[in-house]
1. Mind checking which residues of segment 61-107 are in a helix (DSSP H, G or I) and of a type in the set (Val, Ile, Thr)?
2. Within segment 15-39, work out how many residues are part of a loop (DSSP other than H, G, I, E, B) and either of a type in the set (Gly, Ala, Ser) or modelled with pLDDT under 90 (or both).
3. Working carefully through the options Met106, Met111, find the one that is at pLDDT 90 or above, closer than 27 Å to Gly147 by Cα and either of a type in the set (Phe, Trp, Tyr) or touching a strand residue (DSSP E or B) at 6+ places or on another chain (Cβ under 7 Å) (or both).
4. List, please: which pairs have Cβ atoms under 8 Å, are six or more places apart or on different chains, and start with a residue in segment 152-163 that is more than 15 Å from Asp76 (Cα to Cα) and end with one that is among the polar types (S, T, N, Q) and in a helix (DSSP H, G or I)?
5. Kindly provide the set of residues from segment 154-188 that are in a loop (DSSP other than H, G, I, E, B) and either more than 22 Å from the chain's Cα centre (by Cα) or within 17 Å of Glu66 (Cβ to Cβ) (or both), ordered by number.
6. Given the criteria within 22 Å of Ile199 (Cβ to Cβ), assigned by TED's automatic domain parsing to the domain that holds Pro21, surrounded by 21 or more Cβ atoms within 10 Å (Cβ to Cβ) and touching a helix residue (DSSP H, G or I) at 6+ places or on another chain (Cβ under 6 Å), does Val68 qualify?
7. Please tell me if Thr179 is in contact with a Ser or Thr (Cβ under 9 Å, 6 or more places away or on another chain), hydroxyl-bearing (Ser, Thr, Tyr) and surrounded by fewer than 20 Cβ atoms within 10 Å (Cβ to Cβ).
8. Residues in segment 76-108 that are under 15 Å from the mean Cα position of the chain (by Cα) and of a type in the set (Gly, Ala, Ser): how many?
Amino acid sequence: MEEVPGLVLIGNVVGSPIDEPATMAWLRDLADELDEAYSGRRIASFGLTQDGELQGLLEPDADPIEAVLRAALHSDFRPIRWAIVRGPVHRGRGRATHRVGTAFMMARHEMEAARDSHERLVILSGDEAADELLADLNPILADLLDGLTERQRTIARLAILQQLRQSEIADRLGVRAATISVSFSRARLRSLQRLVSGIRRVYANAIVGGP
């Protein structure tokens with residue numbers, strides 16, 4: 001079967017029973033949000049396996065960090081372990097859970113390795129030098145995101161996903177600008193923004209000229 005370039009995303013909630021109704025409902029909500037966020041960049045819609053695994057299949061040059069951020073900055077946050085692999089996938093039909101191919105097998109292998117090593121975020125672009133750098137940066141991103149309070153997640157979502165300025169965030173939340181400034185400092189949101197930007201540049205540069 002012919003394979004085409006794609007970007008496979010596999011996510012598992014960490015520390016929650018797979019059959020917990022609230023967890024499954026949250027994952028379905030996240031899948032719907034990601035479908036909308038990646039509209040026009042999807043090869044297949046996001047879906048859930050019977051084991052509660054979130055799977056997505058995007059165009060190979062889509063931004064994988066968008067999914068990581070939308071999960072981590074969700075209003076009803078649950079920690080997710082991600083394995084994201086750019087590589088060949090089989091043509092097919094239906095949701096990502098119905099697709100197969102080399103990149104899917106690699107992503108599942110990386111997910112198992114990440115569980116064993118307690119890594120939370122693995123991204124393989126297909127470029128060895130870039131992937132070595134991403135392996136150093138990704139744990140820092142996961143730690144910064146995990147350390148946010150509920151209030152800080154709300155502010156980070158507005159700042160990073162909606163790209164609002166501090167004054168606009170203050171207006172949206174009905175608080176003083178100084179309050180938002182303090183939250184930026186305590187949550188190290190400027191550092192988080194710079195790290196996200198850096199990881200995106202590394203990934204984007206890695207795929208330039210790729211298949």
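The values are calculated or read from the model by the stated rules, or taken from the named source; none is laboratory data. As the structure is a computational prediction, the values presented were derived from the model and not from experiment. FYI the Cβ positions are ideal-geometry reconstructions off the backbone, even for glycines, and counts take in every protein chain you see.
1. Initially, segment 61-107 is screened for residues in a helix (DSSP H, G or I), giving 65-72, 96-98, 102-107.
If the condition is that a residue be in a helix (DSSP H, G or I) and of a type in the set (Val, Ile, Thr), then Ile65, Val68, Thr97, Thr102 are the ones that fit.
2. Keep residues of segment 15-39 that are part of a loop (DSSP other than H, G, I, E, B), which gives 15-20, 38-39.
Of the ones still in play, those that are also either of a type in the set (Gly, Ala, Ser) or modelled with pLDDT under 90 (or both) are 15-20, 39.
Residues meeting the conditions: 7.
3. Values: Met106 fails: closer than 27 Å to Gly147 by Cα.
Going through Met106, Met111 in turn, just one is at pLDDT 90 or above, closer than 27 Å to Gly147 by Cα and either of a type in the set (Phe, Trp, Tyr) or touching a strand residue (DSSP E or B) at 6+ places or on another chain (Cβ under 7 Å) (or both): Met111.
4. Listed pairs, sorted by first residue: Ala159/Gln166; Ala159/Gln193; Ile160/Gln193.
5. Residues of segment 154-188 in a loop (DSSP other than H, G, I, E, B): 162-165, 174-176, 187-188.
Within segment 154-188, Gln162, Gln163, Leu164, Arg165, Gly174, Val175, Arg176 qualify.
6. On the way: within 22 Å of Ile199 (Cβ to Cβ): yes; assigned by TED's automatic domain parsing to the domain that holds Pro21: yes; surrounded by 21 or more Cβ atoms within 10 Å (Cβ to Cβ): yes; touching a helix residue (DSSP H, G or I) at 6+ places or on another chain (Cβ under 6 Å): no.
Considered against the rule, which asks whether it is within 22 Å of Ile199 (Cβ to Cβ), assigned by TED's automatic domain parsing to the domain that holds Pro21, surrounded by 21 or more Cβ atoms within 10 Å (Cβ to Cβ) and touching a helix residue (DSSP H, G or I) at 6+ places or on another chain (Cβ under 6 Å), Val68 comes out as no.
7. Working: in contact with a Ser or Thr (Cβ under 9 Å, 6 or more places away or on another chain): no; hydroxyl-bearing (Ser, Thr, Tyr): yes; surrounded by fewer than 20 Cβ atoms within 10 Å (Cβ to Cβ): yes.
Considered against the rule, which asks whether it is in contact with a Ser or Thr (Cβ under 9 Å, 6 or more places away or on another chain), hydroxyl-bearing (Ser, Thr, Tyr) and surrounded by fewer than 20 Cβ atoms within 10 Å (Cβ to Cβ), Thr179 comes out as no.
8. Quick first cut of segment 76-108, residues under 15 Å from the mean Cα position of the chain (by Cα) only: 77-86, 107.
If we keep only those that are of a type in the set (Gly, Ala, Ser) as well, we get 83, 107.
Counting residues in segment 76-108 that are under 15 Å from the mean Cα position of the chain (by Cα) and of a type in the set (Gly, Ala, Ser) gives 2.
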